[in-house]
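K.L.:
Dropping a structure here in structure tokens format, bear with me for questions.
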Amino acid sequence: MCWNFMIMKDKLKVIYTLQEMQRLDKFLAELKIQELYSRTFIEHLIEEDRILVNLTPVKKSYLLKEGDEVIINLPEPEPMNVLPQDIPLDVVYEDEYLAIINKKAGMIVHPGFGNPEGTLVNAILYRFGENLSSGKEFNRPGIVHRLDRGTSGLIIIAKNDLTHAKLSDMFARREIKKTYFAITTGIPEPEKGEIETYLARSNKNPRTICVTNEGRYALTHYKTIKTWHYFALVEINPATGRMHQIRVHFAHIRYPILGDLLYNSRRYVQSLVPQNMKKKVTELLVNHLRRQALHSWKLEFFHPITGYPISVSAPIPDDIQYTLNWLDNNFSIDTDTSDANLILNEEINND
């Protein structure tokens, strides 16, 4: 289908040539123009009177007629307040549309109050420059989803707005499979299942999220793949992507993530282990595992632009690997078959 189409600086012009009438928002979405990367963005432009039909602001439900002239005035990009920084990145996948990065524990994803630099955004601005989406929020170019500061592993970066919009829709439709590994305090019962709740920010402590009767729906699937006395290695597939979801869910069912000082505590961990192991547990958490034992291990999805299948995994980081070995040495249930590394490697190889 041919359209009388013109691109000018910060402005698009289209002449509607069909005889049958069509809704404005539907027509613009079906044009597949990179600048109009999502239906939500189109609706936002219409609400701001940036889309005119015959030089007149209209509603998104306006029915276009043959010969109508549609002018789209694109907003100027907001100036960035984030400086690029030469911070090493572990890029495990990259093409012209997106990149997947293995984020280290301790790195914040985007700048915020008290953390203006040293973030993933600072690093990707240096690495990819202008080849990043504008982001849904100010000063967060390329950021489609997040990982908590203390969580390591895979995170997707979008290189343009169209890819960003498509990835966001895929996350919303649960078309991106995310697999995490975590070490829990206590052995989950049942060993395989799902955790389904509503989550909201706590009124008592705004830094935390809590389970409520209403709020944002959250669903987490899990299965236990290795157990020790008092601890377990769990594979987790969050169906939704709420803030602190995995950490809150496992604390809610009373098997909090080891090392998580926000939803767990050293005192609680010590209360579970024998007296002669309390000091060893403290030494582990103070000197070796200084964050939650939670790792975003694998991402599986169909590429939002090319349609090709993508499956990427990130190695278990050193501090979690040390903890697995430590659990084998100190809390093994069966000393003859207690190698957590073997169990984990088998799980990885099977995928």
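The values are calculated or read from the model by the stated rules, or taken from the named source; none is laboratory data. Model, not experiment: these values are computed from the prediction. Neighbour counts are summed over all protein chains in view; Cβ atoms, including those assigned to glycine, are modelled from backbone coordinates with ideal geometry.
To keep it simple, each residue is scored yes or no on (1) under 21 Å from Phe250 (Cβ atoms); (2) in contact with a Leu (Cβ under 9 Å, 6 or more places away or on another chain).
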site: Ala158; (1), (2): no, yes
site: Ala172; (1), (2): no, no
site: Thr179; (1), (2): yes, yes
site: Ala182; (1), (2): yes, yes
site: Gly193; (1), (2): yes, no
site: Lys204; (1), (2): yes, no
site: Thr212; (1), (2): yes, yes
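K.L.:
List every residue pair whose Cβ atoms sit under 8 Å apart, with the two residues 6 or more apart in sequence or on different chains, where the first one lies in region 265-291 and is in the same structural domain as Phe331 (by TED's automatic domain parsing) and the second, anywhere, is assigned to a loop (DSSP other than H, G, I, E, B) and among the hydroxyl-bearing types (Ser, Thr, Tyr).
P.N.:
Leu272/Tyr230; Val273/Tyr230; Arg291/Thr151
K.L.:
Right, something else. Residues that are among the hydroxyl-bearing types (Ser, Thr, Tyr) and exposed (fewer than 14 other Cβ atoms within 10 Å of the Cβ): does region 74-94 have at least one?
P.N.:
No.
K.L.:
So, one more: Identify, please: which residue in region 218-249 is assigned to a strand (DSSP E or B) and either of a type in the set (D, E, K, R) or not assigned by TED's automatic domain parsing to the domain that holds Pro190 (or both) and is, among those, farthest from Pro206 (Cα to Cα)?
P.N.:
Lys226
K.L.:
Related question: How many residues are surrounded by 18 or more Cβ atoms within 10 Å (Cβ to Cβ) and assigned to a loop (DSSP other than H, G, I, E, B) when one looks only at region 13-30?
P.N.:
1
K.L.:
A follow-up question, please. If Leu327 meets every condition in (1) within 13 Å of Thr184 (Cα to Cα); (2) under 28 Å from the mean Cα position of the chain (by Cα); (3) modelled with pLDDT of 95 or more apart from one, which number is that one?
P.N.:
Failing condition for Leu327: (2).
K.L.:
If I ask for residues that are closer than 24 Å to Phe301 by Cβ and at pLDDT 95 or above, which ones from region 194-216 would you list?
P.N.:
Within region 194-216, Glu194, Ile195, Glu196 qualify.
K.L.:
Quick test for you: out of Glu189, Glu194, pick the one residue that is assigned to a strand (DSSP E or B) and surrounded by fewer than 17 Cβ atoms within 10 Å (Cβ to Cβ).
P.N.:
After applying the criteria, what remains is Glu194.
Residue-wise test of (1) on the phi > 0 side of the Ramachandran plot; (2) among the hydrophobic types (A, V, I, L, M, F, W, C); (3) surrounded by 17 or more Cβ atoms within 10 Å (Cβ to Cβ).
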position: Gly129; (1), (2), (3): yes, no, no
position: Ala165; (1), (2), (3): no, yes, yes
position: Ser202; (1), (2), (3): no, no, no
position: Gly215; (1), (2), (3): yes, no, no
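K.L.:
While we're here: Is region 230-249 home to any residue that is out of contact with any strand residue (DSSP E or B) (no Cβ under 9 Å at 6 or more places or on another chain) and either touching a residue at least 40 places away in the same chain (Cβ under 8 Å) or among the β-branched types (Val, Ile, Thr) (or both)?
P.N.:
No.
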